[in-house]
Amino acid sequence: MESQDSLTGQLLIAMPGMRDARFARSVIYICAHHPDGAMGLVINRLVGAITFADLLTQLGIGSPKVDDEIRVHFGGPVESGRGFVLHSGEYRQDSTLQVDEEVALTATTDILRDIADGAGPRRSLLALGYAGWGPGQLDSEIQANGWLHVAPDEALVFDNDLDNKWERAIAKLGVDVSMLSGDAGHA
């Protein structure tokens, strides 16, 4: 059970003044947020030139049904060689982390095989690497005006419109981007 202050299952949105270039204009789905740290996946950036088919070949998983529409995302700078699949909640394996009723996370090659064979989850996002925070680090960054957070929706999490995902996430807050500042205010 998550604490009341947990951001598990929420979208984290980088403030316009984000100084860390790895996270500028990023939208991160928070998979876990506990007192001992937080973990999430950047959902609006792609990894360079690697394709799903390339990834399957590297892992020795071949399939004639590979969907060219499946893109490989930059999940974050931590363990960038490790793959994660954020997906709709109806698909489950023993190792699946059920984030909430609608979204789950699986990090096995079996899910990649299932996706390649057309037997995977209804919606999915494949990512290499993740964003991680130590104890209290994410809370401190939010207090320092580095991040906003908002409830997700399926389209924001899983659709392929990456160019506008950051703006769409901020718009869910009802905030005009031009009114946001990266600097903390003092009265």
Evaluate the following for VAL99: is it in contact with a helix residue (DSSP H, G or I) (Cβ under 8 Å, 6 or more places away or on another chain) and of a type outside the set (Phe, Trp, Tyr)? no
Cβ-Cβ under 8 Å pairs, at least 6 apart or on other chains, the stretch 79-96 side touching a residue at least 40 places away in the same chain (Cβ under 8 Å), far side among the acidic types (Asp, Glu): SER88/GLU102; SER88/GLU154
Looking only at residues in the stretch 99-142 that are among the polar types (S, T, N, Q) and under 24 Å from ASP153 (Cα atoms), which one is farthest from the chain's Cα centre (by Cα)? THR106
Number of positions in the stretch 1-15 that are more than 19 Å from GLU102 (Cα to Cα) and modelled with pLDDT of 90 or more: 3
Taking ARG113 as meeting all but one of (1) part of a helix (DSSP H, G or I); (2) basic (Lys, Arg); (3) under 17 Å from VAL42 (Cβ atoms), write down the number of the exception. (3)
Within the stretch 1-50, the residues that are basic (Lys, Arg) and closer than 18 Å to LEU162 by Cβ are ARG22, ARG25, ARG45
Among the residues of the stretch 47-60, are any in a loop (DSSP other than H, G, I, E, B), among the small types (Gly, Ala, Ser) and either touching a residue at least 12 places away in the same chain (Cβ under 8 Å) or within 22 Å of ILE13 (Cα to Cα) (or both)? no
In the list ARG45, ARG82, which residue meets the criterion of being surrounded by 14 or more Cβ atoms within 10 Å (Cβ to Cβ) and of a type in the set (Lys, Arg)? ARG45
Go over the candidates ARG92, ARG71 one by one and state the one that is of a type in the set (Lys, Arg), more than 22 Å from GLY146 (Cβ to Cβ) and in contact with a helix residue (DSSP H, G or I) (Cβ under 8 Å, 6 or more places away or on another chain). ARG71
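The values are calculated or read from the model by the stated rules, or taken from the named source; none is laboratory data. Quantities reported herein were computed from a predicted structural model and do not represent experimental measurements. Virtual Cβ from ideal backbone geometry, glycine too; neighbours counted across all protein chains shown.
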